[in-house]
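Notes follow once the structure below has been shown.
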Amino acid sequence: MITTKTMTLAAHYSDLPVRTGYAVTINDIDIALFKVTNGKVYAIENRSPHPKGGVLTEGLVSGEYVYCPVYDWKISLVDGRVQAPDVGQVKTFQVEVEGDNVYIII
Amino acid sequence: MRKLVMIGNGMAGVRTIEEILKLSPNKFEITIFGQEPHPNYNRIKLSNILQGDASFEEIIINPLDWYKENNIQLFTGESVIKVDTERKFVRTDKGREVVYDDLIIATGSNSFILPIPGSDKMGVTGFRDIKDCEMMIKSAEEYKKAVVIGGGLLGLEAARGLLNLGMKVDVVHLMPSLMERQLDPIASSLLKAELESQGMRFLMEKETVEIIGDERVAGLRFKDGSFARADLVVMAIGIKSNTSVAKDSGIYVNRGIVVNDFMETSAPNVYAVGECAEHREIVYGLVAPLYEQGKVLAERICGKEAAPYEGSVTGTQLKVAGVDLYSAGEIFEDGTTKSIMVYNEFEGIYKRVLIRDNRVVGIVLYGDTKDSTRLFRVLSKKEDITGISIFESQCSAEGGSGDIASMPNDELVCGCNGVTKGAIVEAIKTQGLTTLDQVSHCTNAGRSCGRCKPMVNDILAYTLGDQFDAAAAQKTSICGCTTISREELITEIKEKGLSSVKEVMNVLEWRNEEGCTKCRPAINYYLGMIHMNEYKDDRDSRLVNEKMHANIQKDGTYSVVPRMYGGVTTAADLKKIAEVAQKYDVPLVKLTGGQRIGLFGVKKEDLPSMWKELDMPSGYAYGKTLRTVKTCVGAQFCRYGTQDSMSLGIELEKKFERLDTPHKVKMGVSACPRNCSEAGIKDIGFVGIDGGWEIYVAGNGGVDLRAGDLLATVKTEAEVMEMTGAYLQYYRETANYLERTSKWVERVGLEHVKEVLANEETRKALNERMDQTLKKYIEPWNEAIESESIKDKYYAVHTVKAGE
């Protein structure tokens, strides 16, 4: 099977606030971008894996984790995994930063 | 030979026949009609069938051969629809007529099915007979999710059975505790925790109002508007005596068929026994009393001198794997009773015996029911217990690290959360944990019922060996990121002059560099409390609602609640709110509990422009701060009002709005003791009296319902403001973050607070610090409107097209 991947300019690096989510919708997919303290940018689906859902952009960011703002689940920005004792995983997207351009690969 | 006919082929009836055959083997020609196509089986064991421990054959009590051997004519699958009590015969649904000299009605009971819409849908069942069981077993093969309505004996057994069948099971219960008629709250909570650890999920205090779905059930709707999904609904809320044939035949029926102490009904030579019978206004649903009734009835029918049946005391045992539970007699103390109690939290054993006048009147045993038979005997025989030992096996709290060494790694330590010894040891070793609190945070062990905490502590001691510091381990740290407590944090901030959240975490060597959702908001609060107007708030250390200055709703939208000081508004403001609500197509406009208007379902990106158009200050309906000051109309208009409650309310709200507090603070002002503003359940409540105000504190109308305590009575509004400022500031300075005033006052003591506030100098100093703190606040909605960077950072959403 051939899958096409699209590189989409999602944001400018200099526009991304540190330790705060940046909501971007790309072709109806809600994505949360996070620039963390070490300068890296991560992209995950802007939807908590908690059964009741909820957005993630407004969550508290600590290191390479975000806490789900509604149910307080701790989620890794790197692989999307929910940290114990809760379980689940949120979809992650590959991010490329070129100059001031932040691309998301979908 | 006399002709004896029995309607019903269940346990109570057939037991009565057995008793009759014992007393007078050849006196009767017996005919039995049974609606079910089976011989008499043990209904109690239905849960064993469901739980997979027994087959149907194994639970048959009287096989067909037994009927033959005793010359009993048995008609199964046939029900009697009419009794002619004059001409003494019965007629069945197949048109059969049989005459009798004596007739026993033993029709038992049916599951009580809630009379709500949808209860006739496919997949809704009671839990009464083998047919129900078969239906549940079949459902489990095809479907995943079951909901059992009823957290009593039957419901819990059904739920356990469905778990065994691989279904996900929710138990819905109307009352706040399980088996509330058999258990006291302690036993009930132990039971709940155990069953939760077995995988049951409980929806407590929920009243089912509708079963929804197309042909088959899809879910349940509750009175509070919530919803549960379900492919199978089992109603186990109780039984309803099956009295229709008696009623239709003119026999006196109340809840059940009414019988006297000899099980005689209102019709001559017609008796009733079992769950269909009502004796002294009680319908029994447990087997022991029914067998007692059968014995009395057999003697009566056989013409023996029978001792009357005078009712039964019943004992209950729950037949669920992993639960040892027994209950009999009275449950609740009533002032004339005294309790003997053994509560061994460590081993999960709880025993309580209620005594009145030297007699046992009630028994609850959980975790160890060895004493049940003996105690029940003492109870039912009404033995004098003076000088006898109630519990033979006294509690033995063994434990300690000696046992920990020999404990296998896969042994469950926390049953509630399924945490093994191995998991705890690993967490301690790999994450360098040193306190009980940290272990709980990291593994969840001890976070539910807490019964395993002593063992977790022992495991900690054992794992750390010499490094274990008993005192430190018990300390309550702020969160899993650190070992320091609130008091230590406050001291460190003051001594080292720490001035930002980041600095605190850095200098105090937070294990988790950037903290978590527990410590960051707390540190931010403490810094603001200590440094007053010099501290720059760290917005990103606040959780979503306070960060956004709006309440997040579960779908990611927000609510907007503008300030309405003292619940007083104007036509102009109402118009503005209406216009904004209309323009932004707000899905819900609602009066809140705090006398103001909430706009719900607002999109994040619409927040700033809505605020701008409203041009009203934030009501802080989301904050750990002063929420509202609820007022009554008071002396301005009300003929009872002795004081101007609205003015005082507005003054209080204007002074203390936006102030950061450890938790939310609500106030109420009433102009007279009729107290229309419910000031008695507010954090601070003011009640107008002739010539002054009463100040009540630490009331709570929420989770911990608590009436306020009178703090002081003062004469003037100025004194009200002074006392309130001092009280609030003292709360701000001494409470733990997220500690409501009700909890705080209970912890430090009302007398202590009164003593502190009695000193005028102290009050003055507190008020000075309060006033200095209040200087720093600016209106947050306006701030957002004015600042592009705030709007960009917090309220913007971005849409791009792929490939661009």
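Only residues that are part of a helix (DSSP H, G or I), modelled with pLDDT of 80 or more and among the polar types (S, T, N, Q) were counted in the range B:466-496, giving 1. Kindly provide the set of residues from the range B:582-607 that are under 26 Å from B:LYS666 (Cα atoms) and buried (at least 16 other Cβ atoms within 10 Å of the Cβ), ordered by number. Within the range B:582-607, B:THR592, B:GLY594, B:GLN595, B:ARG596, B:ILE597, B:GLY598, B:LEU599, B:PHE600, B:GLY601, B:VAL602, B:LEU607 meet the criteria. Exactly one residue among B:GLU739, B:GLU751 is exposed (fewer than 15 other Cβ atoms within 10 Å of the Cβ), charged (D, E, K, R) and either at pLDDT below 95 or at negative phi (or both), and that residue is B:GLU751.
Residues that are touching a Cys at 6+ places or on another chain (Cβ under 9 Å) number at least 1 in the following strands (runs of 3 or more DSSP E) confined to the range B:30-138: B:102-105, B:109-111.
Would you be able to say whether some residue in the range B:547-554 is surrounded by fewer than 16 Cβ atoms within 10 Å (Cβ to Cβ) and charged (D, E, K, R)? So far as the range B:547-554 goes, yes, one or more of its residues are surrounded by fewer than 16 Cβ atoms within 10 Å (Cβ to Cβ) and charged (D, E, K, R).
For A:ALA10, the stated conditions hold: it is within 11 Å of another protein chain (Cβ to nearest Cβ) and either among the acidic types (Asp, Glu) or farther than 28 Å from B:LYS502 by Cα (or both). Taking the criterion of being among the small types (Gly, Ala, Ser), outside any loop (DSSP other than H, G, I, E, B) and either at pLDDT below 95 or under 30 Å from B:TYR526 (Cβ atoms) (or both), the residues of the range B:536-566 that qualify are B:SER541, B:SER559. Return yes when B:GLN582 is on the phi < 0 side of the Ramachandran plot, outside the structural domain of B:THR713 (by TED's automatic domain parsing) and either in a loop (DSSP other than H, G, I, E, B) or out of contact with any helix residue (DSSP H, G or I) (no Cβ under 9 Å at 6 or more places or on another chain) (or both) and no when it is not. Against the criterion (on the phi < 0 side of the Ramachandran plot, outside the structural domain of B:THR713 (by TED's automatic domain parsing) and either in a loop (DSSP other than H, G, I, E, B) or out of contact with any helix residue (DSSP H, G or I) (no Cβ under 9 Å at 6 or more places or on another chain) (or both)), B:GLN582 qualifies. For the range B:320-374, the set of residues classified as under 16 Å from B:LEU153 (Cβ atoms), out of contact with any Lys or Arg (no Cβ under 6 Å at 6 or more places or on another chain) and hydrophobic (A, V, I, L, M, F, W, C) consists of B:ALA321, B:VAL323, B:LEU325, B:ALA328, B:ILE331, B:ILE363, listed by residue number. If you filter the range B:406-465 down to residues that are among the small types (Gly, Ala, Ser) and not in a loop (DSSP other than H, G, I, E, B), you find that the one that is modelled with the lowest pLDDT is B:SER406.
Conditions (1) hydroxyl-bearing (Ser, Thr, Tyr); (2) touching a Ser or Thr at 6+ places or on another chain (Cβ under 6 Å); (3) not in a helix (DSSP H, G or I), marked per residue:
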residue: B:TYR737; (1), (2), (3): yes, no, yes
residue: B:LYS764; (1), (2), (3): no, no, no
residue: B:ASP771; (1), (2), (3): no, no, no
residue: B:TRP781; (1), (2), (3): no, yes, no
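Residues of the range B:351-380 that are touching a residue at least 60 places away in the same chain (Cβ under 8 Å), of a type in the set (Gly, Ala, Ser) and touching a helix residue (DSSP H, G or I) at 6+ places or on another chain (Cβ under 9 Å): B:GLY367 alone.
Using the structure shown, decide if B:GLU746 is exposed (fewer than 13 other Cβ atoms within 10 Å of the Cβ), part of a helix (DSSP H, G or I) and away from chain A (no Cβ under 14 Å). No, not satisfied.
Filtered by the rule that a residue be under 30 Å from B:ASN269 (Cα atoms) and crowded, with 17+ Cβ neighbours inside 10 Å, the range B:303-345 gives B:ALA306, B:TYR309, B:SER312, B:THR314. Within the range A:78-102, the set of residues being surrounded by 18 or more Cβ atoms within 10 Å (Cβ to Cβ) and farther than 21 Å from A:PRO51 by Cβ comprises A:PHE93, A:VAL95, A:VAL102.
The values are calculated or read from the model by the stated rules, or taken from the named source; none is laboratory data. Only a predicted model underlies this, so the values are computations on that prediction, with no experimental measurement involved. Using ideal geometry, Cβ is built from the backbone for each residue, glycine included, and neighbour counts are taken over all protein chains shown.
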